[in-house]
1. Taking loop as defined by DSSP and a crowding limit of 14 other beta carbons within 10 Å, which trypsin sites (Lys or Arg not before Pro) in the range 141-203 fit?
2. Placing +1 on the Cβ of each Lys and Arg and -1 on the Cβ of each Asp and Glu in the chain, which of Leu177, Gln151, Phe200 has its Cα farthest towards the positive end of the resulting dipole?
3. With an 8 Å Cα cut-off and a minimum separation of 6 or more residues, compute the relative contact order for the chain in percent.
4. Can you compute the charge dipole magnitude of the chain about its Cα centre, using +1 on each Lys and Arg Cβ and -1 on each Asp and Glu Cβ, nothing else charged? Give it in debye, rounded to the nearest 20.
5. If you filter the range 59-130 for GluC sites (Glu not before Pro), then keep DSSP loop positions with at most 10 other Cβ within 10 Å, what is left?
6. What is the distance in Å between the Cα centroid of the range 155-183 and that of the range 70-99?
7. Within 13 Å, Cβ to Cβ, of Tyr156, how many net charges do the neighbouring residues add up to if Lys/Arg are +1 and Asp/Glu are -1?
8. Among Gly80, Pro59, Ala95, which residue has its Cα furthest toward the positive end of the charge dipole of the range 1-119, with +1 on Lys/Arg Cβ and -1 on Asp/Glu Cβ?
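Here, each number is a calculation from the coordinates, and none is a lab measurement. Because the structure is a prediction, the values reported are computed rather than measured. Positions of Cβ are generated from backbone atoms using ideal geometry, with glycine treated the same way; all protein chains shown enter the neighbour counts.
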Amino acid sequence: MPIDERIEAVVTAVKQSAKYGDTNEATIRELAAEAVRQHKKTRPAIKAVRARLHSIMAPYLGDPDYAVEAARLDAAFAAGDDTAVATICLDCLDAHLSTRERLPIMAEFYARIFAITGQPDVLMDIACGLNPLAWRWMGWPVDSSLRQGEQAIQFYAYDIHEPRVAFINHYLRLEGLAPLARVQDVAMQFPQETADVALFLKEMPRFERNYGGRGRPLLEALNAKYLVISYPAVSTHGGRNLTNRYREFMVQIIQGYDWPVTELLFAGELVFVIEKR
Ligand SMILES: C[S@@+](CC[C@H](N)C(=O)[O-])C[C@H]1O[C@@H](n2cnc3c(N)ncnc32)[C@H](O)[C@@H]1O
């Protein structure tokens, strides 16, 4: 079978799978092109793509039921019920491990970060997961009477999970923000937008492992005044302290740049606020 047809067969099979079918097609295609070069037969190539996606998508971190939560949000916004909106956001954040771990520190987290960077007018959330649902805890005034796009803040968000991005845009619209969440593989295409602050939370170690050293080029390419890079402070399994390991890792990634760095240590999360010059 010609190589193009083999790639297509792998993409189609993965796109039809229940576990990984929600992934950005461009990401699957790139992995499929690599896999068919390494495996002569289609079945092992599909298996190889699924194994890579297991690490990249980390489905084990969890997802809410997007249709159910979108309907709950619609009802809460229609009723003008801010308490219900906040509860639904917290439920969604609780459904994914990265944001669940941040819940106890969430308001303090953004207050301390933005005390250094200034409250941004344009924010980027790279490999965002469900984090944009933390919007109400990020320190901007909440005004649920605003319609789509009336909010002055621009909140860009990037992820490769299609229903997650669609849900985030649904939420942003309800909050009066422009729907600037994108299905974009940031390893293949670095974000081109300009921002005051770019968040890249709890993804750098996996990103480096999955994309063999594209972490530093990503940070170099970002058009942001401040980069906010975070790491889990303790391991998920076993509760091992990871702060020293990730401190060294961060130093290595930005070695050679005279970017001023402020370290913030929260319960469970180690954050580096980097002023990009
Ligand atoms: C561990 S979660 C982190 C979520 C969020 N940053 C947080 O800390 O709450 C990683 C997220 O990155 C996304 N992701 C992984 N590789 C990506 C890529 N190449 N481009 C865009 N998103 C990616 C995954 O789909 C997942 O939602």
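1. On the way: sites: Arg147, Arg164, Arg173, Arg182, Lys202; in loops: Arg147, Lys202.
Those satisfying the criteria are Arg147.
2. Checked the options; the winner is Phe200.
3. Working: 438 pairs, mean separation 40.4, N = 277.
It comes to 15 percent, rounded to a whole number.
4. The calculation lands at about 1280 debye.
5. Values: sites: Glu69, Glu101, Glu108; in loops: none.
Loop-located and lightly packed - none at all.
6. 15 Å
7. In short, -4.
8. Pro59
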